[in-house]
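Undergrad: Got a structure here, written out as C-alpha cells. Questions coming.
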Number of protein chains: 2
Amino acid sequence: MASTASLEPFFAPRGVAVIGASSDPTKLGYGLARNLVQSNFKGAVHFVNPKGGSLFGRTVFPAISEAPDPLDLAILLIPAGAVPQTLQDCGQRGLRAVIIGSGGFRETGPQGAALEDECLQIARSFDMRLIGPNCIGLIDTHLPIDATFLPPPGPLPGDVAFISHSGAICAAVIDWARGHSFGLSLLVSLGNQVDVNETDVLQPIAEDPFTKVLTLYLEGIRDGRRFVSEAARITRQKPVIALKVGRFAGGRRAVASHTGAMAGQESAYNAAFRRAGVIRAETSEEMFDWARALAWCPPPKGRSIAILTNAGGPGVTAADALEIHGMHLAALSEAAIQQLQAELPPAASLANPVDMLASASPEQYARCLQILLDDPNVHGVMVILPPPPMFTAGAVARAIIPVIHHSEKPVIVALMGERLIQEAVEHLRAAHVPEYRFPERAASALAALTWRAEYLARLEQAPEPPLDLDRARARSLFQANRASLMPGAWLPVELLEELLACYGIQIPQSSLANSPAQAVEQARRLNFPVALKIASADIPHKSDVHGVLLNLWDENAVASGYAQIIENVNRAHPAAQIAGVTIQKMLPTGQDLILGALQDPQFGPLVMFGAGGVEAEQLKDTAFALAPMSAEEADYVIEGTWAGRRLSGYRNLPPADRAAVRGALLRFSFFAADFPELAEVEINPLRALTDGQGAFALDLRARLNA
Amino acid sequence: MASTASLEPFFAPRGVAVIGASSDPTKLGYGLARNLVQSNFKGAVHFVNPKGGSLFGRTVFPAISEAPDPLDLAILLIPAGAVPQTLQDCGQRGLRAVIIGSGGFRETGPQGAALEDECLQIARSFDMRLIGPNCIGLIDTHLPIDATFLPPPGPLPGDVAFISHSGAICAAVIDWARGHSFGLSLLVSLGNQVDVNETDVLQPIAEDPFTKVLTLYLEGIRDGRRFVSEAARITRQKPVIALKVGRFAGGRRAVASHTGAMAGQESAYNAAFRRAGVIRAETSEEMFDWARALAWCPPPKGRSIAILTNAGGPGVTAADALEIHGMHLAALSEAAIQQLQAELPPAASLANPVDMLASASPEQYARCLQILLDDPNVHGVMVILPPPPMFTAGAVARAIIPVIHHSEKPVIVALMGERLIQEAVEHLRAAHVPEYRFPERAASALAALTWRAEYLARLEQAPEPPLDLDRARARSLFQANRASLMPGAWLPVELLEELLACYGIQIPQSSLANSPAQAVEQARRLNFPVALKIASADIPHKSDVHGVLLNLWDENAVASGYAQIIENVNRAHPAAQIAGVTIQKMLPTGQDLILGALQDPQFGPLVMFGAGGVEAEQLKDTAFALAPMSAEEADYVIEGTWAGRRLSGYRNLPPADRAAVRGALLRFSFFAADFPELAEVEINPLRALTDGQGAFALDLRARLNA
C-alpha cells in the first residue's frame, strides 16, 4: 500500500535538520550543512551529530530529539546500519518527512534490501514519508533551499524542474546547467525510491508556481497506470518531458503471440506517454532544448513555419530540419511578400526561407520578423543569425526581442557560431527567447512545441458515445469456464468466440466437425466455399503446422481436407489434443489485419494494431495504445500504419469497411482491459470486407496468465 | 569541359595579391588584407587598389601588372562589374589561380549569371582556375594563411578540413570551432562554383599532410559519378564526412514507375555516398563529433563495446545509446571479470557496463580501462565521467590518457557536466582523445568509427568473377528498334524481353495472341495453367486496368478471359493501342520482388530492390544502389530489406532461390548502366521460385528518355 501522507514538508519545510552534519570538509555531511547555510534558506537549520560541537556558527545537537522547533524535514547522511534507529528517533521527534542520502541499501544486495525494507516499516509506523535512500537530495532555487551535498554553486533559478532516478545524472545536470546558464526551479533525486517515487512527486512539483515545465530522467516506472493518470492531469496545465532509459535492459518478453514478438519493451512506454501527454525525448540535450522552448514560447496553431535568415546555406539547412521534424515551410501571403519587398534589396529572396542577404540590419531583422508574424499563413518563425558581417549578433538580438515579446506565435532563434554570438545569447536568455546553436536543434524544439499544441487541441475533442458491450454476460461466461482451465492454457476457441461476441466483435459462421462426414454435412449447411481449420487449444499458430485449408469448393475436397489436416497436425505435433476441425464459411477476400493485446508489466493491457498474416512481425507496420482505447487513439493507431491507411483504398485496392475495423478495435480494447486474466489475446486475421460489409475475426486465440 | 589545370597555386602560393585591398576598416578588402598579414603567411603579400597609397606598411599598387614576383594567387574583392577586366589583367600578369570573393553574380539573377559566364570564358582563355565568386575564401592553419575577410581570430590549427558550399556556414563554423577549441587544417568556401567545385578540391585537400579527415557541407553535387570515383579513391586513405542539405528542395521526380515514386531525392545520394565510402552526417554537430573521433581513434575491429562508469544512471543511458547506434555491449571474458573483481569494491557491478561506484579513483579508472582494453571480447570502450564526488575529473583524465595512447582500440570519453569537467576537457583535447558532453553523442561517434572500419574491411574483399552478358547483341537490337520509338515512349514488351534475355535474365515462356482462338491454341501448347496479360505499350500498370488474369486452368477460361481483358482495357483506357494478349505459362507461387532502375540527375543509373506488387511503395521496404552494382552491394540491398531477408525462408515460408535473385539483380544493374537511354526500367514482379528453381521476370516495362 502506497502512503498517502502529504509530501508538503519536503517542498515547504519550516525547519530542516541535517543528521550526520560534519565539520570534516571531506564528508558529505559537511557539504550538505554548507549548502543549506549558503543557499539562503529562510527557515530554521539544525545540525545533529553525536559528537556535538558547533558548525557554521550553530550548535550541533547530539540527538534529533534536542533540535528545537520549527522542524519539518530531516536529511540523513549517516552509515546505513544506523538509519533504522535514527528513523525511530525522527518519528518520535514528530518528523513526517525524511530524506535518506546515505547509500548501502538495496543497491548493494539482499542485506541492503532488507535494511531498506526495515526503514520503510518504521516510516509507515509513524506515517512518515521517505525520499531515497541513496540519493543526493533536493534543491528549490526559488524558496530557496539547497539540500544536496554537491560542490557549489548550485543551479541558477529558472523555470524547469528536474526529477531523476539517478543521482549522478543530477550532479551532471546541475553542473551542465550552470555552465550553460540554464536555470532550474526544482531538482529532486529519488534514489532507490523505497517510498516516494516518480509519480508521487509529480503533483507537488507541478503546484510550484515557478515551475513551467517538468523534466524526468526515468530508468523505469513502478505503477504505470497511476503514473499515466497523474501525469495526464498535470500535462493539461504544464508540459512534462521524459527521458526514459533502460530501453534494452529487459530482454525480450516470454510470450507466444505475434503481438508479444512485436511489442518491444518500449511500445507500452510510448503508448503511455502519448496518452498522458508526456513528451518523450531521446537524448538529454533534446530534453533540455525542448524544456526551454516549452517554458518560454506560446504553442503554435499549426505546422507552417517561416524562416528568416541573412544567408542561403543556413536557410536550406533549417528547411531540411523542419521537414525532418514533420513541419513545413509556410506559403507566405501576397501581402507579406509585398511588405518584405518594400523592406529588402532586390536580390533578397522573398520566398520562404526569407533570405535578407548578408547586409541585413538589426532593424530589417525586426521589421521582417514582424511582417512574418503578422502573416496569418505563418504559425511560427525560426530566425537564423550567423555572425552577421556588418552588425553584431547582439544588436540583432536586441532589435528582435520586443517583436517576439509582443507576438502570440512562437519564435525560435538559431544562433550560429560561438564567440561572436555570446552577447546575443545573453540578451536572448535574459529575455526568455529560446536560442540554439544549430538550425537542426531549433527545428527539433519547434517540433516539441507543435506536439504540445496538438496534444492540447486533442483534449478539446468531444467524447464519443459509449459502445454497447455485454460485459456482465462475458464475465459470467468466463467465470463459469475458468475453473476447468490450467494457468497459462489457451482458451477453447468456442469460449473465446462467445466472449468476443459479447463485445460485439463479428465472427464468421462456423461449426466443429469430428469426422469427414460431419465436416461435409456442415459445409453443405454453411454453403461452399468453406475453410477447414484444426481445432486444438495446443496449437495457437495453425498455419505453421499446415492446419488450415482455404477455399474448398466441394464435398470431396472437404472430406479429404479433413483427413489431410488431421494427418498434418498429428505429424507436426503428435502430443496435441485435437478437438476436431472447424468448418467455416469462406468470406470474400478483403484486407487482413491483426488485433493483439497483452499485459504489460508496467502499464497493464496494451493493444496492438497492424497488418495481418505471418509477416506482420517483420514489416514492423504496427502501432500500440493502452486499453481501453479512446476513439482518438483508435484513429491514431489506424492512421499510424500502412495497414490502417490503406483501409480507405489504394490504387486498385477497393476501400474496406474502416468504420467496422475501428469499431472492432475499440471493442477489442475494452475486452482486453476487462480481462486482465488473459496474458495475451489475438485476432489474426481480422478481415475487413468492402465498405459497409463489416470486419470479421477469422482466427483468434487467447491464453490465461501463467 | 571542366578545366584540368592544377589547383596547386590555391593551396601552396608563393605570393598572394589582394585586389581591392582597402584602408577602410568597414570594407571586406581591409579585412582580407589584415588577415593575410596577421595570419603569419610566409610568402609574399601584395595589395592592389587604383587609389594606391600604403596599407599595413606595404605599398598599394595601382594595378596587378605592377605587383612583383613571386605571385601565384589573386583574391578579388571588387565590384562585380569590374571583375572581367581584372581577370584579363590577372591573366596577362601570368596568374593561374584567382579567388573571386565578390558577390553580385549568379545569385542575383540572369544578368549576374551572364557576368559569371563571361568570367569563366576569360579564365579558360588563360588556363586560369577560379574559386567563387561569392565566397569567403580559404584558410590553411598550418601553412599558415588566412585568405578570408572574416573578423579574427581564425580557427586553431587542427586535423579536420572543411569544404563548404555556403560562406555563412564557413563563418559560423570558424567561430563555433574557435569557441570549442576545435582545430581545423584547411577551410575552403566554394561560393557559386563557376569553375572549381566540391569534387575538384578533394584530391588537393586530401594530399595535405595535416588533414586527417575531410568534412563537406554540400547543397548538391554537380557531376555525381566523378564525385563518387574521386571520393572513393580518397576514402581509402582518409575519412570523408558529408552533410548534404537541400533534401526537400527539389520536389518529387516526374516519373511513372513505382521505382520513381519510391526513389526519394536522397536515395541516390545515400547510394553514392555508401559506394564512395563517404559517411553521411545528418546534422552539423554530428559531422564535427564524428570528425574528431575519426581523426584521433583507430578503427574498431567489431561492434562489441565496453562501458566504464562510476555511476549507474549514465551507464544505462550509454548502453541504450550504443544499441540505438547498432553496437552492443561486449560480453566480458572471465579473465577480465576476475581482474576487475580484484580491483573494485564488492558492491561494484562487474557486468558490462562496469560500474566502479562513486568512490572510483583515477588509478582505478586507469587500471580498469586497461583490463577492458586487454579483453579480446572488447572492440572499443566508452569511459563515462560525471563530476566524480571524491576526485577531480581532470585527475581521472590525466590517469587514463597514457592507457588510451598505448591501445590499438578506440576509447571515447563521455564527460558529463560542464564547469567541473573543464580541466578534463582540456587534457583530453590536448591528448587527442575525443570527449563528448553526453553518452548519446559519444555513442554516435563510436558508430561512425565502426562504419569506417567496416568500409575499410569491405575494400579488402576479393572481386567476383564477371557475369556472362551479351552486351553487343543487346546494343544492336536496341539500335535497330530505336528509330521507330518516340521520345518518352514505353518499349514494346517483346523488345525489352529480348534485351533482358541478352543480360541473362530469365523470362517465363510466353507468346502473343490476337484472338480468343489463338489464345487457346497457345495456352494448350504452353500447358495449363496460364496467365493472360494485356499487351499494350500504352499501359505500363496492367493490373490497374484489370488487364491481367491469373491461374486459368482450361480452354473455356482462356477464351472468355481473352475477351474479358480486351473489354476491361477498352473501358478503362479507350485510346490505348492494343497489340493483343500475352499468354504466359503460370509459374508456381514464390516470392515476388521488384527490380527498378531510373536515371538520377546527379548520379545516373540507380537501381532499386524491394518487395514486389503494388504495395511496395507504401511499405518503404526498399534499398538502392548505383548501377552497375558490385556483388557486395547486391548483398547489401538484399539484406537491407525484409523482402530480401525472407528469401532465406521464414516460418512456413520456404527458402527461395536467393542466388538466382542476386544474379538477376546484378545483371539488371548492368543492363540499367548500359542503357542510359532508358529513363526507367522495372521488373515487377521478379518471381523467386523455391531454391534451385530460378527467378523469373513476370512483368516488365521500360521507358525511353523524353
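Please treat every number below as a calculation from the coordinates, not as lab data. Just so you know, these numbers come straight off a predicted model, no measurement behind them. Neighbour counts run over all protein chains shown; Cβ positions are idealised from the backbone, glycine included.
Undergrad: Quick one: which residues, 5+ away or cross-chain, put their amide H under 5 Å from the amide H of B:Gly15? H built at 1.01 Å from N.
TA: Close amide H contacts, sequence-distant or interchain: B:Ala44, B:Leu71, B:Asp72, B:Leu73.
Undergrad: Within the set of other residues whose C-beta is less than 12 Å from the C-beta of B:His432, count the net charge using Lys and Arg as +1 and Asp and Glu as -1.
TA: Taking every other residue near B:His432 into account, the sum is +1.
Undergrad: Per DSSP H run of n ≥ 4, the term is -39500 (n - 2.57); total these for the protein assembly as shown, divide by its residue number, and report the mean residue ellipticity at 222 nm rounded to 500 deg cm²/dmol.
TA: For the protein assembly as shown, the value works out to -11500 deg cm²/dmol.
Undergrad: Here is a further query. How large is ³J(HN,Hα), in whole Hz, for each residue of the range B:151-163 in order, when computed from phi with the Karplus curve 6.51 cos²θ - 1.76 cosθ + 1.60 and θ = phi - 60°, using x for Gly and Pro?
TA: Coupling constants for the range B:151-163: x, x, x, x, x, 6, x, x, 10, 10, 8, 10, 10 Hz.
Undergrad: What is the packing order of peptides A:458-470, B:119-131, A:382-394, taking the mean over residues of other C-beta atoms within 10 Å and listing the highest first?
TA: A:382-394, B:119-131, A:458-470
Undergrad: Any idea what angle helix B:493-502 forms with the longest principal axis of chain B, computed on alpha-carbon atoms, 0 to 90 degrees, nearest 10?
TA: In chain B, helix B:493-502 runs at an angle near 60 degrees to the longest axis.
Undergrad: For the cross-link pairs A:Lys238/A:Lys620; A:Lys212/A:Lys409; B:Lys244/B:Lys409, which exceed 27 Å when the distance is taken from alpha carbon to alpha carbon?
TA: A:Lys238/A:Lys620; B:Lys244/B:Lys409
Undergrad: Treating the angle as unsigned and between 0 and 90°, give the value, to the nearest 10°, between the Cα long axis of helix A:83-92 and the longest Cα principal axis of chain A.
TA: 70
Undergrad: Please list, or write none, the lysines whose alpha carbon is within less than 30 Å of the alpha carbon of B:Lys585, excluding same-chain residues fewer than 8 places away.
TA: B:Lys585 reaches B:Lys533, B:Lys542.
Undergrad: With an 8 Å cut-off on Cα pairs and a minimum separation of 6 or more residues, tell me the relative contact order of chain B in percent.
TA: Relative contact order, chain B: 8 percent.
Undergrad: Taking a ≥ b ≥ c as the square roots of the eigenvalues of the Cα gyration tensor of chain A, is the shape rounded (a/c under 1.5), prolate (a/b larger than b/c) or oblate?
TA: It is oblate, given that a/c is not under 1.5 and a/b is not larger than b/c.
Undergrad: Ordered by residue, what ³J(HN,Hα) values in Hz, to whole numbers, does the range B:444-451 give under the Karplus form 6.51 cos²θ - 1.76 cosθ + 1.60, where θ = phi - 60° and Gly and Pro are x?
TA: With the stated coefficients, the range B:444-451 comes to 5, 5, 4, 5, 5, 4, 5, 4 Hz.
Undergrad: Could you work out how far helix A:471-482 tilts from the main Cα principal axis of chain A, as a 0 to 90 degree angle to the nearest 10?
TA: Rounded to the nearest ten degrees, it is 70.
Undergrad: Another question, then. Please sort B:661-672, B:12-23, A:512-523 by packing, taking for each peptide the average over its residues of neighbouring beta carbons within 10 angstrom, highest first.
TA: B:661-672, B:12-23, A:512-523
Undergrad: Please give the Cα centre distance for the range A:617-681 versus the range B:674-706, rounded to the nearest Å.
TA: The range A:617-681 and the range B:674-706 have Cα centres spaced 36 Å from each other.
Undergrad: Rounded, prolate or oblate for the protein assembly as shown? Axes are the square roots of the Cα gyration tensor eigenvalues, ordered a ≥ b ≥ c, and the cut-off for rounded is a/c under 1.5.
TA: Note, shape of the protein assembly as shown comes out oblate.
Undergrad: Per residue of B:309-322, count partner chain C-beta atoms within 10 Å of its C-beta, then hand back the mean as an integer.
TA: 6
Undergrad: Say the dipole of the protein assembly as shown comes from +1 at the beta carbon of Lys and Arg and -1 at that of Asp and Glu; which of A:Phe438, B:Met416, B:Ala634 then lies farthest toward its positive end?
TA: B:Met416
Undergrad: I would also like to ask the following. Placing unit charges on C-beta atoms (Lys and Arg positive, Asp and Glu negative, everything else neutral), compute the dipole magnitude of the range B:298-459 about its Cα centre in debye, rounded to 20.
TA: Charge dipole, the range B:298-459, about its Cα centre: 380 debye, nearest 20.
Undergrad: Follow-up. Residues of B:418-426, mean number of Cβ from any other protein chain within 10 Å of their own Cβ, rounded to a whole number?
TA: Counting Cβ atoms of other protein chains within 10 Å of each residue's Cβ and averaging gives 4.
Undergrad: Okay, next question. What shape does the range B:575-676 have by the C-alpha gyration tensor, where a ≥ b ≥ c are the square roots of the eigenvalues, rounded means a/c under 1.5, and otherwise prolate means a/b greater than b/c and oblate the rest?
TA: Oblate.
Undergrad: Using Cβ counts within 10 Å as a stand-in for footprinting exposure, how do B:Asp208, A:Asp375 rank, fewest first?
TA: B:Asp208, A:Asp375
Undergrad: Also, quick follow-up: Give me the inter-chain shielding for B:172-184: mean count of other chain Cβ atoms within 10 Å, whole number please.
TA: 5
Undergrad: Shifting gears a bit: How much net charge surrounds A:Leu698 when only the other residues with a Cβ under 14 Å from the Cβ of A:Leu698 are counted, with Lys and Arg +1 and Asp and Glu -1?
TA: That works out to +1.
Undergrad: A further question follows. Which whole-Hz ³J(HN,Hα) couplings does the range B:631-644 yield from phi under the Karplus relation 6.51 cos²θ - 1.76 cosθ + 1.60, θ = phi - 60°, glycine and proline marked x?
TA: Values, residue by residue: 4, 5, 5, 4, 5, 5, 6, 5, 6, x, 10, 5, 4, x Hz.
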